[in-house]
Amino acid sequence: MTGFTARCLCGAVQLSVEAEPLMMANCHCDDCRRATGASFASVVHVPADKLTVTAGEPASFEHESDKGSKMKKFFCSSCGSQLFGANDAWPDRRTVRVGVIDDASWFKPRANVYASRKLPATILDPEVKAFDKMPG
Ligand SMILES: [Zn+2]
Ligand SMILES: [Zn+2]
């Protein structure tokens, strides 16, 4: 695997990443839950300069993280699919939502972050490191 492609539900916005993932994780924080509409968010961290929007133009929404950094969520303005995120604490990274990746069969989370906020029904894999908050 030396990269992957992704697209939103309606197909208007498409992405291409020409790099191996830097990190793969699940985030159980309230913001991720609210933004994705799912019980937790699964993301693939990639180098910012290796992510290209190949079709359409995602809309974005900026908010502040609980650590005070500025986070930006990019989504399709027609169908609402969340595509990727940016955090000014890691300007050289983007976090692609696993659900929009065309073939994410290789996805293997290395960490469960904000495990302290997980829903009671979410079962964590004991093989995957769990962090109460965001490490670092
Ligand atoms: Zn769309
Ligand atoms: Zn989160």
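Per-structure values
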quantity	calculated
Subset of Lys70/Lys118; Lys67/Lys118; Lys72/Lys118; Lys50/Lys133; Lys70/Lys129; Lys67/Lys133 violating a 20 Å alpha-carbon distance limit	Lys70/Lys118; Lys72/Lys118; Lys50/Lys133; Lys70/Lys129
Most mobile of Pro91, Pro120, Pro58 in a GNM of the chain (Cα contacts under 10 Å)	Pro120
Neighbour-limited loop hits for trypsin sites (Lys or Arg not before Pro), the range 74-116 (at most 14 other Cβ within 10 Å; DSSP other than H, G, I, E, B)	Arg110
Low-density loop cleavage sites - chymotrypsin sites (Phe, Trp or Tyr not before Pro) in the range 51-136, where at most 13 other Cβ are within 10 Å (DSSP)	Trp106
Computed [θ] at 222 nm, helices only, for the chain once each DSSP H run of length n ≥ 4 contributes -39500 (n - 2.57)	-1500 deg cm²/dmol
Rel. contact order, % - alpha carbon contacts under 8 angstrom, at least six apart, the chain	27 percent
Spin-label pair Thr54/Leu22, simplified geometry with 7 Å Cα→Cβ offset, distance in nm	2.2 nm
Compactness of the range 45-115 as Cα Rg over 2.2 N^0.38 Å, two decimals	1.15
Mean Cα-pair separation over length for the range 84-136, i.e. relative contact order, pairs under 8 Å, 6 or more apart, %	28 percent
Euclidean distance between Cα centres, the range 99-136 to the range 15-53, Å	11 Å
Candidates per trypsin sites (Lys or Arg not before Pro) in the range 31-64, loop by DSSP, up to 15 other Cβ within 10 Å	none
Percent of alpha-carbon pairs separated by more than 23 Å within the chain	29 percent
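We did not get these values from a lab; they are worked out from the coordinates using the rules stated. Keep in mind that what you see is a predicted model, and the values were worked out from it rather than measured. All Cβ positions, glycine included, derive from the backbone under ideal geometry; neighbour counts span all protein chains shown.
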